[in-house]
Amino acid sequence: MTTAKKASSPTGDPFLLTPGPLTTSPSVKEAMLHDYGSRDNTFIELNANMLESLINIVNGQGTHVSVPLQGSGSFVVEAMIGNFVPADGKVLILVNGAYGKRIVKMCDYYKRHYIVQETPEDVPVDAVQLDKTLAANADITHVVVVYCETTSGILNPLKKVSDVVAKHKRGLLIDAMSAFGALPLDTKEITFDAVVASSNKCLEGAPGLGFCIASESAMVKTEGNSPSLVLDLYDQWRAMQKTKQWRFTPPTHVILAFAQAIKEFEAEGNVSGRGGRYRDNHAVLISGMRDMGFKTLLPDALQAPIIVTFHMPTNPEFDFDQFYDGLRDQGYVIYPGKLTVANSFRIGCIGRLGKEQMEGALGAIKGMVETFGISQISYD
């Protein structure tokens, strides 16, 4: 049996090969060891710099604004829906995974009118059908798409979707939770009303902070739309313009970590540098897993370098719970599948991970396969 050496991050934790939370650098963790008052001038300046950096990532200087929000990514996705889709609006939701379905549920809660255009979890959203649907439904005001649907790891055709939505003069809302900071998203290429993401994905901060980047012209029109006080992005934006402060207690320690994470993101080369490392991780992972006989759900052309879904082997000796626990004991945490189309598991490529960690995880996986007495991965 091949036994992988027990691995750990520099702070002694297992490596998280998951969709988030993720492994973070020691310096990001250390940034949280300080206490700041929310009205402290240093904190106010740090917060302003953070918001400016987010706008810079999408090349939105002078045309776009960024608004932070307490909570996980789903908080700010829900805020986007509640703010940008008015009560008399109608949204077309492009669904090919669990996160698109969650947006449908949000619309149900807020009683927003919607149409669902769904494709299977292993099929990209359909821009051709989108064109037809918008042409046939003049009452649709907005379209929502998930950039990288982490249910499967599939990359949706954002540019095609954006072009179709712009052609029909509707508003585009983007859930870029698992893509922001690693995949291109430039306001000069993609026309959108709003995009949302969070601190703890490809920007490698701590969980607890979401943010919305919106065209200022679209943000202005959201006044009075929000059905929630705490999720009112317009009110948060206006309050920060006036006072430079959060309306309610900010997650100060998370923001300190995020500010440090953004510095490290910029030092790595921004989107091209961060995305390049993830692509390298993804290449090492897929090559190694295929060498062992594992099959990916998606063809390479549809696979984003964020998280990879693998079909569950049908070998009777393969036990996923033991597989998961055995990898965890060796310092690598993977993720169960979330598909309805196939029995699967997922391995992430993002966070503070590199070639060494990916190869270490592959060694641990090979060892677990040998432990089961499996000589060849099979799919009956």
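The values are calculated or read from the model by the stated rules, or taken from the named source; none is laboratory data. Note that the structure is predicted; figures quoted are calculated from it, not measured. Glycine gets a Cβ as well: all are built from the backbone with ideal geometry, and neighbour counts include every protein chain shown.
A few points about this structure:
- Cβ-Cβ distances below 6 Å connect the following pairs, each with a first residue in segment 241-252 that is within 19 Å of VAL65 (Cα to Cα), a second residue that is of a type in the set (A, V, I, L, M, F, W, C) and surrounded by 12 or more Cβ atoms within 10 Å (Cβ to Cβ), and a separation of six or more residues or different chains: LYS244/ILE44; ARG247/ALA239.
- Checklist (1) farther than 18 Å from PHE258 by Cα; (2) at pLDDT 95 or above; (3) buried (at least 19 other Cβ atoms within 10 Å of the Cβ) applied to PRO14, failing item: (3)
- Tally of residues being over 23 Å from ARG112 (Cα atoms) and crowded, with 19+ Cβ neighbours inside 10 Å across segment 188-235: 13
- So VAL123, is it in a loop (DSSP other than H, G, I, E, B), modelled with pLDDT of 95 or more, hydrophobic (A, V, I, L, M, F, W, C) and within 19 Å of the chain's Cα centre (by Cα): yes
- Filter result for ALA48 (farther than 30 Å from LYS188 by Cβ, assigned to a helix (DSSP H, G or I) and either touching a Ser or Thr at 6+ places or on another chain (Cβ under 8 Å) or among the hydrophobic types (A, V, I, L, M, F, W, C) (or both)): no
- Subset of segment 339-373 [surrounded by fewer than 18 Cβ atoms within 10 Å (Cβ to Cβ) and either of a type in the set (D, E, K, R) or modelled with pLDDT under 95 (or both)]: THR340, VAL341, ALA342, ASN343, LYS355, GLU356, GLU359, GLU370
- Residue list for segment 149-158, filter: in contact with a helix residue (DSSP H, G or I) (Cβ under 9 Å, 6 or more places away or on another chain) and not in a loop (DSSP other than H, G, I, E, B): GLU149, ILE154, LEU155
- On the stretch given as segment 311-354, residues that are in contact (Cβ under 8 Å) with a residue 24 or more places away in the chain and in a loop (DSSP other than H, G, I, E, B) total 23.
- Residues of segment 135-154 classified as farther than 18 Å from PHE192 by Cβ and either surrounded by 18 or more Cβ atoms within 10 Å (Cβ to Cβ) or free of Cβ contacts under 8 Å to residues at least 40 places away in the same chain (or both), total: 8
- None of LYS90, LYS132, LYS105 is surrounded by 17 or more Cβ atoms within 10 Å (Cβ to Cβ), farther than 30 Å from LYS244 by Cβ, among the basic types (Lys, Arg) and in the same structural domain as GLU52 (by TED's automatic domain parsing) except LYS90.
- Some residue of segment 59-66 being under 18 Å from the mean Cα position of the chain (by Cα) and either of a type outside the set (A, V, I, L, M, F, W, C) or surrounded by 22 or more Cβ atoms within 10 Å (Cβ to Cβ) (or both): yes
- Flag if ASP126 is under 22 Å from LYS167 (Cα atoms), surrounded by 15 or more Cβ atoms within 10 Å (Cβ to Cβ) and either in contact (Cβ under 8 Å) with a residue 40 or more places away in the chain or not small (Gly, Ala, Ser) (or both): yes
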